Amino acid sequence: MAAAVAAAPGALGSLHAGGARLVAACSARLCPGLRLPSSLAGRRVGPAIWAQGWVPAAGGPAPKRGYSSEMKTEDELRVRHLEEENRGIVVLGINRAYGKNALSKNLIKMLSKAVDALKSDKKVRTIIIRSEVPGIFCAANLPVPTIAAIDGLALGGGLELALACDIRVAASSAKMGLVETKLAIIPGGGGTQRLPRAIGMSLAKELIFSARVLDGQEAKAVGLISHVLEQNQEGDAAYRKALDLAREFLPQGPVAMRVAKLAINQGMEVDLVTGLAIEEACYAQTIPTKDRLEGLLAFKEKRPPHYKGE
């Protein structure tokens, strides 16, 4: 995805010239209705802010399309909307066993369409990306929290897609690394940009230069993942942890979750003063919502809130 952004015609020139207009465009894409204050109009911002909200597709934006929770077994991407107490959690299951979950054109197209559909679905609270092929992981930039559950191999593009998620959890037996330099190429799906942001520049260079593969414990030690679990007999320890985390997120206000993610993502790419202005703009979006009033009322009445994302 990041590589496609870089290839967009005139992208670099637009980045340097667009300034806050690019931030506003990104904000509108990730969280409709968000507008930054006019005080930011003259500020220069980094290209990563723009790139975070950009999901290009050849020939124009991918059409929005709904996905059923029941997919044919041969489908490379399974989209499951969980029900009952897990309602609001969506699981993207990558199922390309014959290709070891390698990123085919068809899989990328399906991921792009799924992401486009989920962005506009206000009922979605958290998205888990996992592999449905035992022992292999191959995971999108969405306005809601995303969790990568790594229960097997996540090498090259698989790790790059996991890096695009907000949170990564892995089994101790998982293997992950950006190994492209072994093939005389570089991580071209965002790896050279997201890995340094996740673990620091020096260590990211070391891992990319050496094409080193880490297990779950090593990945946790360097800050690449948030949680490491001993693998279970079913081979889905990371997925189970991801589901536990997603359940923790479910009770929170949907609008607040979206703008909190937006504020963090954009604020990390600018100086503190600009970041605080972005935070102020995001905070302002929560004030007129019905959810905020419901939260206050629920607190007063000492009961769980019933948020509707409004």
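Every number in this text was worked out from the coordinates using simple rules, so none of it is lab data. Only a predicted model underlies this, so the values are computations on that prediction, with no experimental measurement involved. Cβ: placed from backbone, ideal geometry, glycine included. Neighbour counts: every protein chain shown.
What FRET efficiency, computed as 1/(1 + (r/R0)^6) with R0 = 45 Å and r the Cβ-Cβ distance, is obtained for residue 308 and residue 268, rounded to the nearest 0.05?
0.95
About the Cα centre of the stretch 123-234, how large is the charge dipole given +1 on each Lys and Arg Cβ and -1 on each Asp and Glu Cβ? Please answer in debye to the nearest 20.
Working: 11 positive and 10 negative charges, 69 e Å.
With Lys and Arg at +1 and Asp and Glu at -1, about 320 debye.
Would you mind giving the average projected area, over all directions, of the Cα convex hull of the stretch 138-216 in nm² with one decimal? Intermediate results must be reported in sequence, preceding the final value.
Numbers: hull surface 18.8 nm².
Projected area, direction-averaged: 4.7 nm².
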ask   = In nanometres, what is the gap between the two model label sites at residue 198 and residue 85, each 7 Å from Cα along Cα-to-Cβ?
value = 3.1
remark   = Mean separation of Cα contacts under 8 Å (at least 6 apart) over the residue count of the stretch 163-310, i.e. the relative contact order in percent, is 21
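Output the peptides 149-158, 76-85 sorted from most to least packed, where packing is the average of other Cβ atoms within 10 Å over each peptide's residues.
Values: 149-158: 26.9, 76-85: 16.2.
Descending packing order for the listed peptides: 149-158, 76-85.
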